[in-house]
Structure formats: C-alpha cells, structure tokens
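Remarks on the structure that follows.
The values are calculated or read from the model by the stated rules, or taken from the named source; none is laboratory data. All of these numbers come straight from a predicted model, not from anything done at the bench. With ideal geometry, Cβ positions are generated from the backbone for all residues, glycine too; neighbour counts draw on all protein chains shown. For accessibility, only protein heavy atoms count, side chains too; no ligands or nucleic acids. Shrake-Rupley method; radii C 1.70, N 1.55, O 1.52, S 1.80 Å.
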Amino acid sequence: MELNAKKTAEAIYEKALASVKRNGDKIPYIAENGVFDDRTDDICWWTNGFWAGMLWQLWGYRADPALMETARSIERKLDKNFLMASGMDHDSGFKWLLTSGASLRLTGDLSSRNRLILASADLAGRFNPNGRFIRAWNDSGDGSMSGLAIIDCLMNLPLLYWASENLHDPRFRAVAHAHAKTALRAFLRPDGSVNHIVVFDPETGAVLDAPGGQGISPGSAWARGQSWAIYGFTLSYIHTGDAELLAAAKKCADYFISKLPPSFLVPSDFLQPPESELEDDSAAACAACGLIELSRITGEERYLSAAKRLLLALLEDRCDMDPSRDGILTHCTVAYHDRRHNHNLIYGDYFLTEAILTLCNASTFLW
Ligand code: GLY
C-alpha cells in the first residue's frame, strides 16, 4: 500500500465533519464504542485543546463554518481555566496554542490573542530559577509537586516562544530556552532515550530522582515521552536556533527509529517485554510530526521516510475511517500500567491530522 496523503486528508475531513455535526461542542478525550466522551465538566484537563486544534487544522485545509464554530465554542469554554488556579498547570501550550493560537493565526481574532497572553504569563510563572525548569503540576499546598518536571513540557514551550515574538519581550523565550536546556541535561540519556519525570530539589535545583511515569518502570523508554522529546526538542531548535537542541532531537529520533519493530507499529514502551502487545498509536502520530519537521530542517531523507512508514502502518491497520463513528486511531495507550488499552485518544487523532496535512502542504503550523 502506498501512502496517499490527499486521499487520507479527505477521509479525515469527512469523518471529523460528521463527528462535529453529531457531537456539537463536546470536548472529547476518548471515543468509546465509536462515540466521543465529553470533558466539559473537567475543563482544566490537559487534552481539552486537541479536538479544536484538529478542527482548525481541517478548517485551514477547507473552511466549513461548522468546524470553526465548534472550535470557537471550545475555546470559550476553556476560559473557565483562568479562574481555576489549581487547574492551570504546565499544559497551557497544548490547551491554548491549539485553540487560541490557531484562531489568531487563521482568523486574527484578538480575543484569542488575549487568552494567549494570559496563558503564557501563567506558564512562565511556573519557572523555577533554582533548577531552571518549569514545574509540571500543582499540589494541594504541601509542596509535594514543586520539584517535578516532565518531558511532555517541551511541547508547551512554543506558547512562550509565541509570547516573546508577539509581545516583543525576551523573558518568555529565555524561560523556554532554559527549560529546554535543562531537559537536555536532566532528561536525555546517553543512548537517546528520555526520562518521563525528573524530580529536582526546588531549593537547590539538584536532580533527586527520575521515577517511572507512564512507561513500564523507572529507566524504561515510554514511547510517547520519546515522541514528545523528538518533536519538542525540534520545536525549541526552530524557535532558538540552538544547535545543541537540534542534536538532542536527532538523538531522540535515532533512538526511536532504532527501536521500531518491522511492523512500524509503536509499542507503549520500547523496553516492554517482547510478549507484551501494548501499542501506542498516539506516539507514532506525534513522532511522525516531529520526524517530518526534523527532515525538513536537516534535509535528511531518513527521517521523512521513517515518518511515512509510521503513518502507513497506522493507515493500513490502526485507523477507523468510518464517518458514522467518532475517533480514528484504534490502538492508543495512556500509560503502560493502565487497565484500559487499545482505544482512541484525541491527541493521537490531532497529530495524525497534522502529519497528513503537512504531507499535503496544507497544515497550519501551530507550534
Ligand atoms: N501529557 C501526558 C501524556 O502524554 O499522557
């Protein structure tokens, strides 16, 4: 089977439009039995921007008012976050780049710009100068989370790069760049795999621990974390021009590619036992986006070729393109030790859409 990006883009478009018409302004996280759930009552959840981001990507490909109306409605719903301090965490990039960032880029809506300014100021405020890292999560006031940073945060940094460029203020870029350099030092291992979580001493900045996160165990290689690192280091290179960050992205990518099975279907953790059948299509889709960018930057064809092989494997065996059902990728995994596996996850579908539209030269760069 050949990868036909144009045909796939059309299939995704038709399916997303049908989902929008069925689901109104639900904020989906997962589809069960082909029906989207709705996270509106969990409005601070980290994935709440992905469906709107996917709709904006498709709107940029071919405008349909239903796509924009739903994306705008979700963006407005997210405003509640700004009054819920305990729900504002490091995932502001995921939440607002894909909603307000997309809206501003595609329509020039100034209310979206305002949201981006609020979100970027909050994100920058999570920076700990002692360890030069952005704190991931909140706690109930006991400080138990004050030293935790996670690899996923690399994907949130473009919100800070946006703020520096658009507010003509270097502080935001300095924070993002410092965090990316800390990730290089404290998360990236010599073999090119990455830690998911690193615990810093919030007073001295010393690295205390690298516990297991969503992978199989401490020291393992959680596949989605690896894809966050590939794309995240690449994005920080794009925004800073720091060659060390490009080298880090390549190292992460080389590790990812070296561990792929012949099927190109990505396991949940690259170090899971051979008998484990857990997969994570969302890691494959996000890595494909990062590899496409890496190939564009470096001119190295092997990254584009790996991205296309990953996407082809998904399209051959792991895509539900039936427009009467919600959710596309069928084999996503949130965390290795979760009880539920092999289901759709909205961020997997977002990155699949971004990758396919990029191959059609029809994506909007939202990072
Ligand atoms: N950012 C959390 C995850 O990748 O599951």
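Quick one: Debye curve from the alpha-carbon atoms of the stretch 230-367 only, equal weights, vacuum; give me log10 I(q)/I(0) at q = 0.11, 0.13, 0.21 Å⁻¹ to two decimals. With one equal scatterer per Cα and no solvent, log10 I(q)/I(0) is -0.39, -0.55, -1.31. Largest first, the three principal axis extents of the alpha carbons in the stretch 159-235 are 42, 30, 20 Å in whole numbers.
In nm, to one decimal, how far is the Lys7 label point from the His341 one, both placed 7 Å along Cα→Cβ? For the pair Lys7/His341, the computed spacing is 3.1 nm.
List the GluC sites (Glu not before Pro) within the stretch 284-322 that fall in a DSSP loop (any state other than H, G, I, E or B) and whose Cβ has at most 15 other Cβ atoms within 10 Å.
When the GluC sites (Glu not before Pro) of the stretch 284-322 are filtered for loop state and at most 15 Cβ neighbours within 10 Å, Glu300 remain.
Each of His179, His337, His168, His239 has its accessible area taken with a 1.4 Å probe; listed largest first, they run His168, His337, His239, His179. How large is log10 of I(q)/I(0) for the stretch 1-98 at q = 0.10, 0.16 Å⁻¹ when the intensity is taken from the Debye formula with one equal scatterer per alpha-carbon? Those come out to -0.29, -0.69, one per q. Suppose we look only past 14 Å in the calculated P(r) of the stretch 99-150. What percent of the Cα-Cα pairs does that tail hold? More than 14 Å apart: 62 percent of the Cα pairs in the stretch 99-150. For the stretch 192-238, the share of alpha carbon pairs falling in successive 10 Å distance bins from zero is 28, 41, 31, 1 percent.
Rolling a 1.4 Å sphere over the protein heavy atoms, what is the accessible area per residue of the stretch 313-359, to the nearest Å²?
35 Å²
Measuring spread by the Cα atoms of the stretch 279-344 yields a radius of gyration and Dmax of 13.6, 41 Å.
Surface composition of the stretch 237-324: carbon plus sulfur atoms hold 50% of the accessible area, using a 1.4 angstrom probe and ignoring ligands, DNA and RNA. Over its Cα atoms, what ratio of radius of gyration to 2.2 N^0.38 Å does the stretch 105-256 give? Normalised Cα radius of gyration, the stretch 105-256: 1.04. In whole percent, how big is the carbon plus sulfur part of the accessible area of the stretch 2-85, probe 1.4 Å, protein atoms only? Within the stretch 2-85, the accessible surface is 53 percent carbon and sulfur.
With every protein chain in place and a 1.4 angstrom probe, the accessible-area ranking of Cys332, Cys360, largest first, reads Cys360, Cys332.
Of the accessible area of the stretch 152-218, computed with a 1.4 Å probe over protein heavy atoms only, carbon and sulfur atoms account for 56 percent.
Direction-averaged shadow area of the convex hull around the Cα atoms of the stretch 18-173, nm²?
Over every viewing direction, the Cα hull of the stretch 18-173 projects on average to 10.0 nm².
Diffusion coefficient of the chain by Stokes-Einstein, Kirkwood radius over Cα pairs, 20 °C, 1.002 mPa s: 106 µm²/s.
Using only side-chain charges placed at the Cβ, +1 for Lys and Arg and -1 for Asp and Glu, the dipole size of the stretch 182-254 relative to its Cα centre rounds to 260 debye. For the stretch 7-127, averaging the sequence separation of C-alpha pairs within contact (under 8 Å, six or more residues apart) and dividing by the residue count gives a relative contact order of 23 percent. In this structure the stretch 12-86 gives 42 Å² per residue of accessible area when probed at 1.4 Å with all protein chains present.
So if I place +1 on the C-beta of Lys and Arg and -1 on the C-beta of Asp and Glu, and nothing else carries charge, what would the dipole magnitude of the chain be about its Cα centre? I want it in debye, nearest 20.
About 820 debye.
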